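What follows draws every value from the coordinates through simple rules; no lab data is involved. Remember, it's a predicted structure, so these values are computed and weren't measured experimentally. In this analysis, Cβ positions are derived from the backbone assuming ideal geometry, glycine residues included, and neighbour counts consider all displayed protein chains.
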Amino acid sequence: MGIYLYNLEQIERIEKACKVAAGVLVEIETAIVEGVTTFELDKIARQFIAARKAKPAFLGYRGYPAALCTSINEVVVHGIPSKKTRLNPGDIVGIDVGVFLDGYFGDTAKTFRVGNVDENAGVLLRVTEEALYKGIAKAVPGNRISDISHAVESHVASHGFSAVREFVGHGIGAALHEEPSIPNFGKPGKGPRIYDGMVLAIEPMVNAGTYKVNVLDDGWTAVTEDRKLSAHFEHTIAVIDGKARVLTAGKNGVKSTFDSR
Ligand code: MF3
Ligand code: CO
Ligand code: CO
């Protein structure tokens, strides 16, 4: 076991899976309109993934029944797509997708607005995405895993939000979830050292109120205990030549390389 260090050839293959996952989010964004069901979004994702000869990584994972997690408003993560669940104006919806291609996995998530959202929701989305990039910037050799955790938590806390503790980021590559686990909270300078060759899924889940979550009776859907809003952003990154490279960057001019200098 332990933490796997991937060579450049392997990372290129992981990146191919990651690009399909990123493409799903680009495709899904155009379908996020008032009235669409989360089942329809899942169908679009399945078709997009199949057309690229890839497989949805979540489908069948511990019995999970869909390709996407679609997490609306107070749902933190693992919302299950359903024909009964429609997007309403003012909602925020987290879309998380995992892809398996040519032996390797990619994993990415983004929380979208449905039409116009209120100001607090807008701030929550902005701060959560910023926290992701603050975490990514710490994913460099010389740092330790909890430097990522601490960067995420301090940014979130400085805006009065809370970082979820029950779910964590993770190593990824030959498996969807590998060591190390990457909490979104904690003191800096702890946990494994970061080296070139690590491939990590960094994924802050941020709540407007309490960090506490409940899992609903379906065994999957995680909601905030106080039923206030929650947001989730995730990238798969690789540490290469002393820098974090975002493998799941989309085509939206997202900066793809970060360093700590
Ligand atoms: N949300 C998890 C992640 O990003 C994966 C969900 S697995 C599923 O790592 F089966 F719940 F979909
Ligand atoms: Co994910
Ligand atoms: Co993940």
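At a glance:
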quantity	calculated
In Hz, Karplus ³J(HN,Hα) per residue of region 218-235 (6.51, -1.76, 1.60; θ = phi - 60°; x = Gly, Pro)	6, x, 10, 4, 9, 10, 5, 4, 8, 6, 7, 5, 9, 10, 8, 10, 8, 10
Under 10 Å, Cβ to Cβ, from Pro65 - net charge with Lys/Arg +1 and Asp/Glu -1	-2
Region 146-261 - Debye-derived log10 I(q)/I(0), Cα point model, q = 0.14, 0.16, 0.22, 0.23 Å⁻¹	-0.64, -0.82, -1.31, -1.36
Alpha carbon centroid spacing (whole Å) that separates region 72-123 from region 150-210	19 Å
Compactness of the chain, expressed as Rg and Dmax over alpha-carbon positions, Å	16.9, 48
Under-5 Å amide H pairs with Glu234, H placed in peptide plane, nonlocal only	Ala109, Lys110
Ranked Thr210, Thr85, Thr70, criterion: other C-beta atoms within 10 Å, fewest first	Thr210, Thr85, Thr70
Derived scalar couplings ³J(HN,Hα) [region 44-61; Karplus, 6.51 cos²θ - 1.76 cosθ + 1.60; whole Hz; x for Gly, Pro]	4, 5, 4, 5, 4, 5, 5, 5, 9, 6, 10, 10, x, 6, 7, 4, x, 5
Positive-end residue, the chain charge dipole about Cα centroid, Cβ charges, pick of Gly2, Ile145, Pro183	Gly2
Estimated 222 nm signal from helices in the chain, with DSSP H stretches of n ≥ 4 weighted -39500 (n - 2.57), rounded to 500	-9000 deg cm²/dmol
Cβ-placed point charges (K, R +1; D, E -1), dipole of the chain about Cα centre in debye, nearest 20	320 debye
GluC sites (Glu not before Pro) restricted to region 2-55 and DSSP loop, no more than 11 other C-beta within 10 Å	none
Residues Met205, Met198, sorted so that the one with the fewest Cβ neighbours within 10 Å comes first	Met198, Met205
Relative contact order [Cα under 8 Å, 6+ residues apart], region 8-258, whole percent	22 percent
